[in-house]
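Colleague: Dumping the structure here so I can ask a few things about it.
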Amino acid sequence: MAMLNDRCRIRLTPTSSMTFLYCLLLAATVTMLLSGCSSQQARVDSHETLNAALWTQTSAEYAATTIQAYQLAAANMDQALADRQWTAALEQDNDYADLPPAIMLDLDQTVLDTSRYNARIILEYGSHAREHFAEWCRQSTAPVIPGTKDFIDHATRQGVTVFYVSARKEALRDCTTRNLQALGLPLPAQDRLLLNDGSASTSKTQQRARIAAQYRVLLLIGDNLNDFVSDSKTDPDTRRALVDVHAGRWGRQWIILPNPMYGNWEASLYEYDYSLPRDERLNRMLQQLQQ
Ligand SMILES: [Mg+2]
């Protein structure tokens, strides 16, 4: 802009009003173009999970929310232990009243705080990729979600079997085990840690059915709808309707924790098409904003 004005000043004479107007118009046009470029640049440089990751990592409100959820879970578990008709698993279709009690917890953003991985996406990786997550996971440094350890210790003292049921791949078993042990979370046997080997038999639904065949499932705890029900990997409206279908279970047999960073809620906005370029993904997400 300074160069442009200098050029205008050099060419300007008292009688060259047309040239002066031309320069003003040119300067205004360039200003508009530069302004447009800079807002375009701001969008590209921003990261869509920045607020979500910061809220998870720094806000008092996030910790209060998860502690609240786990204190509710503890109170409900005590009630569930006394009520032999209580079960949390829709897959529990057996004669379960006298089966030993168990609880099922998802891992990421339920037990383990993986927001540091999201921070690394923002600062370094640029996007999620399976190999990125594996690299981060091998450090085994995820903190525990506030409130989780007190709850799990309470369940263990009550004689309740704790199952961790995760979509993490089997290849991550060792680093996941190290992370749980470093946090002092109970893992008395590897069959309490159920991971995904890529087959349908290790879907969350199948894992719930397998546990429900041997235990009375007192509570399901997770951050994603598929930690509770099958067939939830669908469009946002259908997912929302599923919540209403099971309205009586939330805050009772089912305890859900917030995860604004990622999950099927987000992928459903672009039809789970992870191959889409980032710009196209963002476009589809922007189209679904309501104002
Ligand atoms: Mg999770």
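Colleague: Would you mind telling me the antiparallel percentage of the DSSP bridges in the range 50-286, rounded to 5?
Modeller: Around 5 percent of the beta bridges assigned by DSSP in the range 50-286 are antiparallel ones.
Colleague: A further question on this structure: Rounded to two decimals, what is Rg over Rh for the range 50-286 when you use alpha-carbon atoms and the Kirkwood radius?
Modeller: 0.95
Colleague: Right, next: Note the full-extension length gain between R252 and Q158 as 0.36 nm times their separation in residues minus their Cα-Cα distance, in nm to one decimal. Numbers along the way, then the final one.
Modeller: Numbers: separation 94, 0.36 × 94 = 33.84 nm, distance 1.83 nm.
Result: 32.0 nm gained on full extension.
Colleague: The range 201-236 to the range 136-188: how many Å between their Cα centroids?
Modeller: 18
Colleague: With each label point set 7 Å from Cα along the Cα-Cβ vector, what nm distance links R130 and V245?
Modeller: 2.9
Colleague: Still on this model: Cross-link partners among lysines for K233, C-alpha distance below 29 Å, same-chain residues fewer than 8 apart left out?
Modeller: Hits, sequence-local ones excluded: K169, K204.
Colleague: So which GluC sites (Glu not before Pro) in the range 213-291 end up in coil per DSSP with only 12 or fewer other C-beta atoms within 10 Å?
Modeller: Values: sites: E266, E271, E280; in loops: E271.
For GluC sites (Glu not before Pro) across the range 213-291 that sit outside H, G, I, E and B with at most 12 neighbouring Cβ atoms in 10 Å, the list reads E271.
Colleague: Going 7 Å from the Cα of I122 along its beta-carbon direction, which residues of the range 58-98 have the amide nitrogen within less than 15 Å of the resulting point?
Modeller: The answer is 58-60, 62, whose backbone nitrogens lie closer than 15 Å to the label point.
No lab work stands behind these numbers, since they all come straight from the coordinates. Just so it is clear, the structure is predicted and the values come from calculations on it, not from any experiment. In this analysis, Cβ positions are derived from the backbone assuming ideal geometry, glycine residues included, and neighbour counts consider all displayed protein chains.
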